[in-house]
Amino acid sequence: MNPFRGILMIIAAAIAFWRGWQVHTGRYAWMAYGLAVLALALAAWHFFSARRPATRL
């Protein structure tokens, strides 16, 4: 499930970058770029956490 979530976050990042590019300047453009960076970070987290085996407590 984690790689699927990672792919979805990459798609969300692409949409956020695209919306930021449409706005170009201003507060909302920077928020869109910030959300895109956050989505890329979450995608990386989902991909790298999928490689570790799950441990139960």
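Could you please find all residues in the range 23-49 being open to solvent by less than 60 Å² (accessible area, probe 1.4 Å), modelled with pLDDT under 90 and not small (Gly, Ala, Ser)?
Listed by number, the list holds a single entry, His46.
Output the residues belonging to the range 8-22 that are surrounded by 13 or more Cβ atoms within 10 Å (Cβ to Cβ) and β-branched (Val, Ile, Thr). Explain how you work it out, then say what you get.
Pass one, the range 8-22, residues surrounded by 13 or more Cβ atoms within 10 Å (Cβ to Cβ): 8-10, 12-17, 19-20.
Within the range 8-22, Ile10, Ile15 qualify.
Quick one: is Arg5 assigned to a helix (DSSP H, G or I), open to solvent by 40 Å² or more (accessible area, probe 1.4 Å) and in contact (Cβ under 8 Å) with a residue 40 or more places away in the chain? Lay out the reasoning, then the answer.
Numbers: assigned to a helix (DSSP H, G or I): yes; open to solvent by 40 Å² or more (accessible area, probe 1.4 Å): yes; in contact (Cβ under 8 Å) with a residue 40 or more places away in the chain: yes.
So Arg5 fits the description; yes.
Scan (1) modelled with pLDDT under 90; (2) among the β-branched types (Val, Ile, Thr); (3) under 11 Å from the mean Cα position of the chain (by Cα) for the single condition Thr55 breaks and write down its number.
Thr55 satisfies all of (1) modelled with pLDDT under 90; (2) among the β-branched types (Val, Ile, Thr); (3) under 11 Å from the mean Cα position of the chain (by Cα) except (3).
The values are calculated or read from the model by the stated rules, or taken from the named source; none is laboratory data. The model shown is predicted, which means the values in this text are computed figures rather than measured ones. Here Cβ is always computed from backbone atoms with ideal geometry, including for glycine, and neighbour counts include all displayed protein chains. For the accessible areas, the whole protein counts, side chains as well, though only heavy atoms, and no ligand, DNA or RNA atoms are used. Shrake-Rupley method; radii C 1.70, N 1.55, O 1.52, S 1.80 Å.
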